[in-house]
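What follows is a single structure, written as structure tokens, with notes after it.
Computed from the coordinates by the stated procedures, all read-outs in this text should not be read as laboratory data. If you're wondering where the values come from, they're calculated on a predicted model, not measured in any experiment. Cβ placement follows ideal geometry from the backbone for every residue including glycine, while neighbour counts extend to all protein chains displayed.
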Amino acid sequence: MSVFKDGVPANTHFLNVLPEGAAHRPSSAFPLYEVYMRMAEELAKRSTCARLQVGTVVTDQVLENVLGDRLQRNARGLSQPV
């Protein structure tokens, strides 16, 4: 049976799955995928687009580095609909 670092069996990312026989060391820190999702949600709150409220965080494959982040904005020169 596999052991998951963050305790979430649905997160089958290879860095989350411990080798057979390894002990799980409990941690009070949020898993990285949760941190990045929260970052995207906070970016979306700053969006100037009233309809799309989108925030994006792009990471590398091993979830160690943020490669970029963006939020949805209206096109330059257009007013925001009321």
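Using 1/(1 + (r/R0)^6) with R0 = 22 angstrom and r between the beta carbons of ALA40 and SER2, what's the FRET efficiency to the nearest 0.05?
Taking R0 as 22 Å, the efficiency between ALA40 and SER2 is 0.20.
Among PHE14, VAL3, THR56, whose Cα sits farthest toward the positive end of the charge dipole of segment 1-61 (+1 at Cβ of Lys/Arg, -1 at Cβ of Asp/Glu, about the Cα centre)?
THR56
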